[in-house]
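Heads up, the thing below is written out as structure tokens.
The values are calculated or read from the model by the stated rules, or taken from the named source; none is laboratory data. Because the structure is predicted, anything quoted here is derived from the model rather than measured. Cβ atoms come from the backbone with ideal geometry, glycine included; neighbour counts cover every protein chain shown.
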Amino acid sequence: MYLHSRAQYSYSVEPPFICIIDHNDGARSVTNDAERVIADLVADGFRVDEYVIIYQDSEGVWDRMLTADGAFLCFESVCELKSRRSASSMARRRIARQSEGRQWSVSRSPAAPISKGKGLKHDNEDDNH
């Protein structure tokens, strides 16, 4: 039995990447709630099939969530053990950033409304990674 019925997570957007962080607080994991997590992104206005969606699981490993027709399809192993800052760096190395590109992040939990702001959110980040 889960403490909460939904995964609690936050995500950062740096096109073409969406980076999802599992809060690992006793709720369902992002892995176990993948269909709803992708549905949340669609509800937030993202055309998920146009993004590379990566997530950090409760063990700190980054993997990819594949989508089709706007819905979760399956997982793809990336097997990167990195901090959020490293994930953002990975995204920057893989794509050419647009000069006018905007970045923002969202934290989602059952008890909190969605909040959006400029810049990537790096809560509780260990700067040694």
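Checking S10, S29, S89, S105 one by one, the residue that is among the hydroxyl-bearing types (S, T, Y), surrounded by fewer than 18 Cβ atoms within 10 Å (Cβ to Cβ) and either at pLDDT below 90 or touching a strand residue (DSSP E or B) at 6+ places or on another chain (Cβ under 8 Å) (or both) is S89 and no other. A search for C-beta distances below 6 Å between a residue of the stretch 43-67 that is within 17 Å of P15 (Cα to Cα) and buried (at least 16 other Cβ atoms within 10 Å of the Cβ) and any residue that is basic (K, R) and at pLDDT 90 or above, counting only pairs 6+ apart in sequence or on different chains, returns I54/R64.
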